[in-house]
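> I am attaching a structure below and will ask some questions about it afterwards.
The values are calculated or read from the model by the stated rules, or taken from the named source; none is laboratory data. Quick caveat: nothing in here was measured; it's all calculated off a predicted structure. All Cβ positions, glycine included, derive from the backbone under ideal geometry; neighbour counts span all protein chains shown.
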Amino acid sequence: MSSLDIHDEMRPIFGPLLSDLNAGQGKNILVAGGYGLFLKQIWLLGNPDVPVIVPISQWRDNTPRVTKDLDLVVGLDLISNAEAQKEILKIIAKHGFKVSEKNPRWQFIKVVSETRNVIVELHAPFPADNERGLQADRIRVKRKPSLGDRGFHARTNPEAIGSELSPFGFEVEGMAIQVPNPVTWSIMKLTAADDRWKHAENPDNTEEFRSFSRAQAIKHAQDVLRLVAMVNRDESDAAPVVVDAVKTTSEFKKAALIVAESFAHGEQWVSQVLSENWSAESLTLIRDTLGGWFSQTA
Amino acid sequence: MVKNTQINEESMLSRFKVGEVLLPPLVVRTCLILGGPTEKADARVELAMPDGHEVFRFVVEAKARATPQAIQLAVAQARAAREEGEWPMIQVPYLSPERILELEKEGVSGVDLCGNGVVVVPGRLWVVRVGEPNRYRDSRPLSNPYRGRSAMVARMLLKRPRWPTLSELAAAIAAAGGELSLPQVSKAVQAMVEDLIVSKESGSITLRDPLRLLDKLGSEWRKPRQTWKSGDVAGRPVKSQFPSPLHSRRGLRLPKGMDWARALSLAPSLQWAVTGASSATRYATFSQGGPRQIAVSNLGLALSQLGGTPEPVPNFSDVELMETEDPGLFFGTETDENGVRWAGKLQAWLELQAGDARQQDTAKDLRDQILKEVRE
């Protein structure tokens, strides 16, 4: 598989938006989620000489997963900056995205056809107590004072802890992209996988919901394995610094527990459902890397 | 399995028993054993179909060994002893499917003691039986000249196909890093003579069939056994929440700009060389990721020479050390102007031809180069 073999259906929609964001104050916005992983995979396919933990050529399943969402992690400095807020909101609107009624000011929807919408979500870590110009609850992080309709919020995502540290930048067809450091990205994906798995295992839930949750859990777990597989040498070298910065947080500790309970060996659910996608050697390297990061709980 | 030192031609010929099936459905009608020293052949037999309507006469030459050389000789003797109305037949302890095909092409019949064989009378009879395993281990002095230390003789012959004397060949092998005594070299040459790959005349040795020799070396080659045990640079067991066999790989990060070749060469007792797979770029256009692999005879000594820090992810290592006793990795190496000891082209081919699809593709180029060079 080469980068030419992959059709990026979302590029016409997300590409111009990301380019405009990059051109201004949004240049440090991180592309997380499935689309971030997709873009990194494309970049690695075009740069096969970049050493990563498990080269894509060695993946048993290297089909990029389909996504219609763009998850962006925005810096707290951007949320507290009124000028930046206005600029970014203008760009989002320019590309046809409208504020979602369900999740106003942090989720934006673009109607592509009668049957199809695409979504942009803004996420941010929970601000520290001493962060000025911000207010936050468990749902959203916003500027203080609020800019009302002239600004945006971000979905509170405590797992995005440390996202400002060592992001990795690359270019796909002239489009500059930054993705979160792999430790933060893992925390986000590990937590999502675990939440979904717990729903899937809960007998009080309907069979339909459990089945959906199981599929989602597997998707996020596979994302964890892929994002670790795609870690390059610079990211790997920077990881201990990120770990040091976040290891006392409850999000990191929870992620460490998830790794130990679900990702550490072959008897656990992640291996049970995903081992056929990876060779034993690849899975061991990925597990060892996760183990190296998340065994350092304070 | 029977050692075929216990077999002689006399006992082999006793298998031709009148009235019994020799190679289904052919039955032995008559058998005359010719024991005298002046006889040109070993036996004359008549074979018939079970209904007995048609009888076929054969002159038989038996050999207690089944080497290509012995088979070639038996075929020539049977043909020479053939009389009017007779067809040549040989008998050996074992006939491989490959040998049976060769006999068939030559129009010569052959039977073995395991139940395999071909009986052919052009235009009239064609009976073939294959697939029975060899129950007779060859007892030649050197059973496999294409593997292990003995294979260094074959490698040297591919580098230079003609040698005036055995001792010159042995000296060249020693100079290239092979540790073989003169009798060992002699046995390897003799085994290849029996396989019709090498000829020996008046003391000089000539490679006759480089293509088959290369194929033999390739099919007999095995990935070097890695003899190291799990541990860190200092040899201490690696502590991990997630123990893995990959911890036993000795990937190292080296200080930037370090002259690792010089550091390794400073230990005179250490044998080392870049592996064949990592040397392939020297001989062919081939891009490959991952660290440079270096074969070493003593891992502890190599680690102490290099220093550096252990790297658990192979792809992030600057070098990966492989401790091995495989003599091929240190044989016929080429040292460049920077003191790097590269594996020879043959070693590179051996490793690539047993590798993944991309490596096998590159191996084809190397094979062509090797054969071209040996024929020049």
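> If a residue counts only when it is away from chain A (no Cβ under 14 Å) and either closer than 19 Å to B:ALA354 by Cβ or touching a Cys at 6+ places or on another chain (Cβ under 6 Å) (or both), which helices (runs of 4 or more DSSP H) contained entirely in region B:253-320 have at least 3 such residues?
B:276-283
> Which is surrounded by 18 or more Cβ atoms within 10 Å (Cβ to Cβ) and of a type outside the set (A, V, I, L, M, F, W, C), of A:GLU208, A:GLU276, A:GLU251, A:GLU261?
A:GLU251
> Turning to a different aspect of this structure: Quick check on this structure: which one of B:LEU270, B:LEU266, B:LEU299, B:LEU306 is over 30 Å from A:LEU283 (Cβ atoms) and in contact with a Leu (Cβ under 8 Å, 6 or more places away or on another chain)?
The conditions single out B:LEU270.
> Run B:THR362 past the list (1) under 19 Å from B:GLU220 (Cα atoms); (2) in contact with a Leu (Cβ under 7 Å, 6 or more places away or on another chain) and report the number of the one that doesn't hold.
Only one criterion in (1) under 19 Å from B:GLU220 (Cα atoms); (2) in contact with a Leu (Cβ under 7 Å, 6 or more places away or on another chain) is unmet by B:THR362, namely (1).
> Residue by residue through region A:128-144, note down the ones that are surrounded by fewer than 12 Cβ atoms within 10 Å (Cβ to Cβ) and at pLDDT below 85.
A:ALA128, A:ASP129, A:ASN130, A:ARG132 - these are the residues of region A:128-144 that are surrounded by fewer than 12 Cβ atoms within 10 Å (Cβ to Cβ) and at pLDDT below 85.
> Out of the residues in region B:354-376 meeting the condition of being part of a helix (DSSP H, G or I) and hydrophobic (A, V, I, L, M, F, W, C), tell me which one is farthest from A:GLN58 (Cα to Cα).
Here the answer is B:VAL374.
> OK, next. Tell me which helices (runs of 4 or more DSSP H) are completely within region A:1-80 and hold 1 or more residues being at pLDDT 90 or above, within 14 Å of chain B (Cβ to nearest Cβ) and over 24 Å from A:LEU134 (Cβ atoms), or say none if there are none.
In region A:1-80, A:33-46 are the helices (runs of 4 or more DSSP H) which contain 1 or more residues that are at pLDDT 90 or above, within 14 Å of chain B (Cβ to nearest Cβ) and over 24 Å from A:LEU134 (Cβ atoms).
> Follow-up. Does A:GLU87 satisfy the criteria of being modelled with pLDDT of 90 or more, over 30 Å from A:ASN232 (Cβ atoms) and in a helix (DSSP H, G or I)?
For A:GLU87, the condition - modelled with pLDDT of 90 or more, over 30 Å from A:ASN232 (Cβ atoms) and in a helix (DSSP H, G or I) - is met.
> Does B:LYS40 qualify as being in a loop (DSSP other than H, G, I, E, B) and at pLDDT below 90?
So B:LYS40 passes the test.
> Out of region B:141-157, which residues are in contact (Cβ under 8 Å) with a residue 60 or more places away in the chain and crowded, with 18+ Cβ neighbours inside 10 Å?
Answer for region B:141-157, where residues must be in contact (Cβ under 8 Å) with a residue 60 or more places away in the chain and crowded, with 18+ Cβ neighbours inside 10 Å: B:TYR146, B:ALA151, B:MET152, B:ALA154, B:ARG155, B:MET156.
> Taking strands (runs of 3 or more DSSP E) that fall entirely within region A:151-192, which contain at least 1 residues that are without any contact (Cβ under 8 Å) to a residue 60 or more places away in the chain and under 22 Å from A:MET10 (Cβ atoms)?
A:154-156, A:168-172
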